[in-house]
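Structure first, then comments.
The values are calculated or read from the model by the stated rules, or taken from the named source; none is laboratory data. Keep in mind the model is a prediction, meaning the values are calculated, not measured. Because the Cβ atoms are built from the backbone with ideal geometry, glycine has one as well, and the counts that use them run over all protein chains shown. Areas reflect the complete protein model, heavy atoms only, side chains present, ligands, DNA and RNA absent. Shrake-Rupley method; radii C 1.70, N 1.55, O 1.52, S 1.80 Å.
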Number of protein chains: 2
Amino acid sequence: MENNVIFYLVPAASLLALFFAFYFFRQMIRQSEGTARMREIALYVRKGAMAYLKQQYKVVGIVFIVLSVFFAILAYGFGVQNGWVPFAFLTGGFFSGLAGFIGMKTATYASARTACAAEKSLNSGLKVAFRSGAVMGLTVVGLGLLDISIWYLILNHFVEATASQKLTAITTTMLTFGMGASTQALFARVGGGIYTKAADVGADLVGKVEAGIPEDDARNPATIADNVGDNVGDVAGMGADLYESYCGSILATAALGASAFYGNPDVQLKGVFAPMLIAAVGIILSLIGIFMVRTKENVGMRQLLKSLGLGVNFSSMLIVLATFGILWLLGIPNWVGISCSVVVGLLAGIVIGQSTEYYTSHSYRPTRKIAKSSETGPATVIISGIGTGLVSTAIPVVTISVAVILAYLSAIGFDVRNMLTGENLSMGLYGIGIAAVGMLSTLGITLATDAYGPIADNAGGNAQMSGLDATVRERTDMLDALGNTTAATGKGFAIGSAALTALALLASYIEEIKIALVRAGELTIDVAGRAVDVATASIPDFMEYYQVNLMNPNVLAGMFIGAMMSFLFCGLTMNAVGRAAQKMVEEVRRQFSQIKGILTGEATPDYARCVEISTRGAQHEMLPSSLMAIAVPVIVGFIFGVSGVLGLLIGSLSSGFVLAVFMANAGGAWDNAKKYVEEGNLGGKGSECHKATVVGDTVGDPFKDTSGPSLNILIKLMSMVSIVVAGLTVAWHLL
Amino acid sequence: MENNVIFYLVPAASLLALFFAFYFFRQMIRQSEGTARMREIALYVRKGAMAYLKQQYKVVGIVFIVLSVFFAILAYGFGVQNGWVPFAFLTGGFFSGLAGFIGMKTATYASARTACAAEKSLNSGLKVAFRSGAVMGLTVVGLGLLDISIWYLILNHFVEATASQKLTAITTTMLTFGMGASTQALFARVGGGIYTKAADVGADLVGKVEAGIPEDDARNPATIADNVGDNVGDVAGMGADLYESYCGSILATAALGASAFYGNPDVQLKGVFAPMLIAAVGIILSLIGIFMVRTKENVGMRQLLKSLGLGVNFSSMLIVLATFGILWLLGIPNWVGISCSVVVGLLAGIVIGQSTEYYTSHSYRPTRKIAKSSETGPATVIISGIGTGLVSTAIPVVTISVAVILAYLSAIGFDVRNMLTGENLSMGLYGIGIAAVGMLSTLGITLATDAYGPIADNAGGNAQMSGLDATVRERTDMLDALGNTTAATGKGFAIGSAALTALALLASYIEEIKIALVRAGELTIDVAGRAVDVATASIPDFMEYYQVNLMNPNVLAGMFIGAMMSFLFCGLTMNAVGRAAQKMVEEVRRQFSQIKGILTGEATPDYARCVEISTRGAQHEMLPSSLMAIAVPVIVGFIFGVSGVLGLLIGSLSSGFVLAVFMANAGGAWDNAKKYVEEGNLGGKGSECHKATVVGDTVGDPFKDTSGPSLNILIKLMSMVSIVVAGLTVAWHLL
């Protein structure tokens, strides 16, 4: 069959990505790692990071084993789940962890090399850092498509059912490995986020504020932990996070494809392949984009920015054309409309990215006003930061709302009547899902621009601690700033796609409910007095059957709890950071007072002790919030049934999305308000204004690096958990 | 007709409340206002407060006239609304404003008198302050029932329709005056909140922190504005707020009664009267409770607390028995079950109140941990306060979710199957509504315990500025603290009832849609292929007809926007406080530097200028956020239609409720963490820890006194606006 041949493009693109990831890694390793001192510092950081990852994976491994056994019991003991679930779940977690591991290994090897290259020129520094970031980007997309390809081939070989039912069974089963990826990503984000912010806050509060030594000074006992934190939080955490987003969007859309074109196996297969093929072509375009990022020696910041922007924009624009081409070649019905859905998604991502940029960059009024409010002390900095963050939610939310409607309408040929009756709901949601896939398809390059920031940051830390010339630090700071600017679009895509993917997952939940009903022997459902065949029942039929409307008390209770979940989750992670930071502060104070000669540089601080405190704190603190995210959908399903679960998911999606934007933007704005003052405005470094903005930055740290980014994963994970335990919910529930 | 006679209990109770309000007012006025200096200070505050209210009512008056004209055009020009709407809207606003005015007038007369009485003994002070608080409580409930009675009698006389349709028409029309009350309440809360916090933050930052003079010191130019602020924010704002809640719950439940017992005019009338009668009996119980609050001279704090608690608990418990009695006497079907719904509501209120107490009182761990985190500076105080506030949302939300289900099930006789099919939805929602009425029925006394806090606070300010003995200040501080403790239950009731009322209003929205459809000539709707008569169609029928399910893109877009609205609204109000406070800080600094001799007490500061700045700031800043709350439901209705509006309302309700709890609790916890340090812990007043907790308190001010409490009104106002413009939405919409 012709279509099956086309499918092999997917594993091929995946292997291509992995090959180039390896190629760039080798290239980076060949660079000089600099002086003995630089190598020593890098080794400290690398050891600390690896020790953390080892510990983290041990804990997460236990969680995975327990959950797999639970799923195995559900599948083999009670028969409320298919038997592939435990295995798919494990591989999702494994590949996600692997992506984080490779990314972090690369980053810890790259930092000293970037510093060394930056000694030569800004451009050399950029090359090493950016190519190392590309290793991460390509690893994530490569492993993602590899896992998808392998599971598709396995399930396609073993699952036996009629053609249409087979694809539905395959795609919903594959969502299980999405759940594995999401679970591991949540642990990585939360654990890494707590680690990095505990170390950061601890190092800043005692080192910078109390002892008055500069950032990344080797005399600060927490400085190695701080640099390790950048790697485990910003690199490994982000890698796992985006692996989860990438796979999630493709898998959810594939499942929707199976449902939108149900009954016509040939077209259905095309609908399932389309998101995978778009992702595969996205890899090729990303690779071309990455190679385009190169400049002549001795160019300015402006030129570098242009070069980076060129690569990213090239890939994003070409993916639009490629989508039209792929859908046309596949011969999917209404291929023009569905392609336009992708355009809608990309435009929405760009608008969200621009709005993020406006609210968080100190080139614009909002952040400057936060900086200005430091004239009346830290309290007004906090008030105006929170105010700005809250207001900044408006544009992204309105954008996503409009994008949802437009992507939907576009996919069903702008038939408003049809949208209102919900006749063609799966098709409309397919449009929404494929818009998310479009936004993430060039992740290979957008993640590269995201991940090279922390690498440059670490290079700066290495330069500082190794006592390199101040110009090196200036150059790495410039690279870091450059990364922040180009990362805006990437962030817009990540946030927007999370919301769209979560919506697509809701439809998959209904699909899984269908399968669970059939498995439980319920072949028809009662829709307003008519008996409707479960296999051919539409989503609106299920909405009617389960009374999933806004006046059902079960739905309302679920929605309240869902809205609260996002808040509670953020509260738990914020408190966790607070507690872990407290312990770090006490340890750093203890070392300053008990180990004589630290501040004069005569004695070496006990770095390892600080690393250990952060590691233990993160491990200890990440469990309650993460396990809660897994347990609550199961509990709500058990008490309130299917309608309660849908309420829960929508409640957590709507409030969680807004909360995530608020936290990310408030945190980003505080960070840049501080940088604005540090650039010499309002009295500059050391002034009262600076101290006030440092308070804002410290508060913003867990906002933007722990709680905020974890929320995007939380939303999707709760959906995936609900999908995986749908059989359980259908079989047993109280109300 | 017997039932019509019973109705006259309602206006009778209303007049009784107003009579005793007047009686307590006269009693208070007869007390001595103290020395010339005390009278002078009180006069300053009174003048400032009245000047503000005059200005405020002028602006709000213009808004009301514009909106009334708009409604008149809709009604008389386009025929999409009934002709009573503009008038009912105006009276709602008028009575709400009147309640605020009387409460504030009383409070400004009471402060010096309370201080003077507190010179004698703690008990005397309590009596004056508490009885003055009771004036406010009784005025609110008296005016509320008066307005309800008058409108019921007018509409009952003029509206012509079949018996069942008549009551539906009357009760939904009466909701319009609820909208008037909510609109005025939102302006009062937002304007008052901005006023008081701008003055407070301004006075604290320059006076306390920079100049180092104590709170309420007469040398601080902003101190009069600060005391005025307590009156316009905490007294007038709270009065209007609770007037709105009180009327809203009764009106929404009456409308549900008309719908739940539709088709049986006799029972229907009972269903409409029941909430009004419960409120009427609540007034009598409140009065008894108020008279119970009296202690012997020279008793301790413990005894006072017991006395206050006795009055409140007596009323709350007896209202349960009274409800059983009223519903039994009326002979409402399933009167036991519906009465149990009230018990559920009261229990939920108590649980929420206790949880508020736990998270915000410094007798418990959470607030002490926030205080402890001050050892590492203001940043950790903010992080742990936000963390605690976020976590504190869990108990109230779970409680409300459980209460919704139980109140619903109880009202329909615990028939789970029936709940799931939504057959008897109006009846279940009636149970939810009547639970809210039960929670607010003893508002006469609970508001008295709430309102006397600010009066005691102001008395303390007066004592300080008049140079009275320090023991007087100590006593007023004790009274204030006492008020905070007893207010917890009242707050729990206010928060819980807001959520329940908002749910009840959703049902009223559907009723109004019915009426609008009939007016537009659409007599049948298409429910899953069947033509159903609009007049007899059930709520689930409408859910099906409009596809108000969780997968409809219109609903989803509405929900996203609704969730965002709460955040945006808080952001706008936070920023408004920030800007107004900034201006106040500049003015106070200017006076300190330009008017020589202020700090030595030789020159009098220009109090009036600060009052003017706060007034102008509040007027200027309250408009955008409040007008947005009115405009957005109209716009969403125009674009997304009925299903979009329902999504909007549920989205703003679920996220707004959680956000409101977060803001109130975080703000309360910061406040008490500061007080904990001021009581001598962690270094006490003036220590570094104290400074750090002052930052937390300042951030918490707009949280708990501006943005947080306004959210409860916002949620209901958006529902009421949607109800009032339902005709417009049905007639014209894009999607």
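Report yes if residue A:194 is among the β-branched types (Val, Ile, Thr), part of a helix (DSSP H, G or I), surrounded by 23 or more Cβ atoms within 10 Å (Cβ to Cβ) and within 14 Å of chain B (Cβ to nearest Cβ), otherwise no.
It is true that residue A:194 is among the β-branched types (Val, Ile, Thr), part of a helix (DSSP H, G or I), surrounded by 23 or more Cβ atoms within 10 Å (Cβ to Cβ) and within 14 Å of chain B (Cβ to nearest Cβ).
Looking only at region B:403-422, filter to residues that are buried (at least 18 other Cβ atoms within 10 Å of the Cβ), of a type in the set (Val, Ile, Thr) and under 16 Å from residue A:555 (Cβ atoms); which one of those is farthest from the chain's Cα centre (by Cα)?
Going through the qualifying residues, I end up with B:405.
Every residue in region A:54-73 that is open to solvent by 10 Å² or more (accessible area, probe 1.4 Å) and hydrophobic (A, V, I, L, M, F, W, C), please.
A:59, A:62, A:63, A:64, A:65, A:66, A:67, A:69, A:70, A:72, A:73, listed by residue number.
What's the total number of residues in region A:339-380 that are buried (at least 24 other Cβ atoms within 10 Å of the Cβ), within 12 Å of chain B (Cβ to nearest Cβ) and in contact with a Cys (Cβ under 8 Å, 6 or more places away or on another chain)?
Selection size over region A:339-380: 1.
Inspect region A:141-149 for any residue being open to solvent by 20 Å² or more (accessible area, probe 1.4 Å), modelled with pLDDT of 95 or more and out of contact with any strand residue (DSSP E or B) (no Cβ under 9 Å at 6 or more places or on another chain) and give the result as yes or no.
Yes, the conditions are met somewhere in region A:141-149.
Failed condition for residue B:602, given (1) open to solvent by less than 50 Å² (accessible area, probe 1.4 Å); (2) more than 22 Å from the chain's Cα centre (by Cα); (3) of a type outside the set (A, V, I, L, M), with all others met?
(1)
Touching a Pro at 6+ places or on another chain (Cβ under 8 Å) and open to solvent by 10 Å² or more (accessible area, probe 1.4 Å), is that true of residue B:189?
Considered against the rule, which asks whether it is touching a Pro at 6+ places or on another chain (Cβ under 8 Å) and open to solvent by 10 Å² or more (accessible area, probe 1.4 Å), residue B:189 comes out as yes.
Taking the options A:721, A:725, name whichever one is surrounded by fewer than 24 Cβ atoms within 10 Å (Cβ to Cβ), in contact (Cβ under 8 Å) with a residue 12 or more places away in the chain, farther than 26 Å from residue B:384 by Cβ and of a type in the set (Val, Ile, Thr).
Step by step, each of A:721, A:725 is checked, and only A:721 is surrounded by fewer than 24 Cβ atoms within 10 Å (Cβ to Cβ), in contact (Cβ under 8 Å) with a residue 12 or more places away in the chain, farther than 26 Å from residue B:384 by Cβ and of a type in the set (Val, Ile, Thr).
Please state which one of B:649, B:659, B:735 is touching a residue at least 60 places away in the same chain (Cβ under 8 Å), surrounded by 24 or more Cβ atoms within 10 Å (Cβ to Cβ) and more than 17 Å from residue B:574 (Cα to Cα).
Just one listed residue meets the conditions, B:649.
Mind checking which pairs have a first residue in region B:596-621 that is of a type in the set (D, E, K, R) and a second that is part of a helix (DSSP H, G or I), Cβ under 7 Å, 6 or more apart or different chains?
What qualifies is B:606/B:591; B:609/B:587; B:621/B:194; B:621/B:576; B:621/B:579; B:621/B:580.
Out of all the residues in region A:227-256, which are open to solvent by 10 Å² or more (accessible area, probe 1.4 Å) and charged (D, E, K, R)?
Correct list: A:230, A:234, A:241.
Answer yes or no as to whether residue B:712 is open to solvent by 20 Å² or more (accessible area, probe 1.4 Å) and more than 10 Å from chain A (Cβ to nearest Cβ).
Yes: the conditions hold for residue B:712.
Can you tell me which residues in region A:566-623 are within 14 Å of another protein chain (Cβ to nearest Cβ) and under 10 Å from residue A:198 (Cα atoms)?
Correct list: A:576, A:577, A:578, A:579, A:580, A:581, A:582, A:583, A:584, A:585.
What number goes with the only condition from (1) touching a residue at least 24 places away in the same chain (Cβ under 8 Å); (2) surrounded by 18 or more Cβ atoms within 10 Å (Cβ to Cβ); (3) more than 14 Å from chain B (Cβ to nearest Cβ) that residue A:519 does not pass?
(2)
Kindly indicate whether residue B:618 is among the small types (Gly, Ala, Ser) and not in a helix (DSSP H, G or I).
no
Tally the residues that are more than 8 Å from chain B (Cβ to nearest Cβ) and polar (S, T, N, Q), restricting the search to region A:644-662.
Count: 1.
For the condition surrounded by 24 or more Cβ atoms within 10 Å (Cβ to Cβ), modelled with pLDDT under 95 and farther than 21 Å from residue A:315 by Cβ, what is the one hit in A:390, A:425, A:440?
Just one listed residue meets the conditions, A:425.
Having 3 or more residues that are more than 28 Å from residue B:275 (Cα to Cα) and β-branched (Val, Ile, Thr) is the bar; report the helices (runs of 4 or more DSSP H) wholly within region B:1-110 that clear it.
B:36-72
Out of the residues in region B:526-547 meeting the condition of being more than 13 Å from chain A (Cβ to nearest Cβ) and in contact (Cβ under 8 Å) with a residue 12 or more places away in the chain, tell me which one is surrounded by the most Cβ atoms within 10 Å (Cβ to Cβ).
Only one residue fits best here, namely B:534.
Conditions first: (1) touching a residue at least 40 places away in the same chain (Cβ under 8 Å); (2) within 12 Å of chain B (Cβ to nearest Cβ); (3) farther than 29 Å from residue A:726 by Cβ; (4) surrounded by fewer than 24 Cβ atoms within 10 Å (Cβ to Cβ). Residue A:628 passes all but one, so which condition is the exception?
Every condition holds for residue A:628 apart from (3).
Assuming residue B:685 fulfils every condition listed in (1) touching a residue at least 40 places away in the same chain (Cβ under 8 Å); (2) surrounded by fewer than 24 Cβ atoms within 10 Å (Cβ to Cβ); (3) not hydrophobic (A, V, I, L, M, F, W, C) apart from one, which condition is it?
Going through (1) touching a residue at least 40 places away in the same chain (Cβ under 8 Å); (2) surrounded by fewer than 24 Cβ atoms within 10 Å (Cβ to Cβ); (3) not hydrophobic (A, V, I, L, M, F, W, C) one by one, residue B:685 breaks only (1).
Given the condition under 30 Å from residue A:507 (Cβ atoms) and open to solvent by less than 20 Å² (accessible area, probe 1.4 Å), answer yes or no: does some residue in region A:284-298 qualify?
Taking every residue of region A:284-298 in turn, at least one turns out to be under 30 Å from residue A:507 (Cβ atoms) and open to solvent by less than 20 Å² (accessible area, probe 1.4 Å).
Output the qualifying pairs, or none if there are none: Cβ atoms under 7 angstrom, residues six or more apart or on different chains, first residue in region A:316-329 and touching a residue at least 60 places away in the same chain (Cβ under 8 Å), second residue of a type in the set (Gly, Ala, Ser).
Once the first residue is touching a residue at least 60 places away in the same chain (Cβ under 8 Å) and sits in region A:316-329, its partners that are of a type in the set (Gly, Ala, Ser) give A:319/A:282; A:319/A:438; A:319/A:441; A:323/A:339; A:323/A:438.
Report the residue count in region B:204-235 for those that are within 14 Å of residue B:617 (Cβ to Cβ) and in a helix (DSSP H, G or I).
Qualifying residue count, region B:204-235: 6.
Residue check: is residue B:501 of a type in the set (S, T, N, Q), open to solvent by less than 20 Å² (accessible area, probe 1.4 Å), within 14 Å of chain A (Cβ to nearest Cβ) and farther than 19 Å from residue B:235 by Cβ?
So residue B:501 passes the test.
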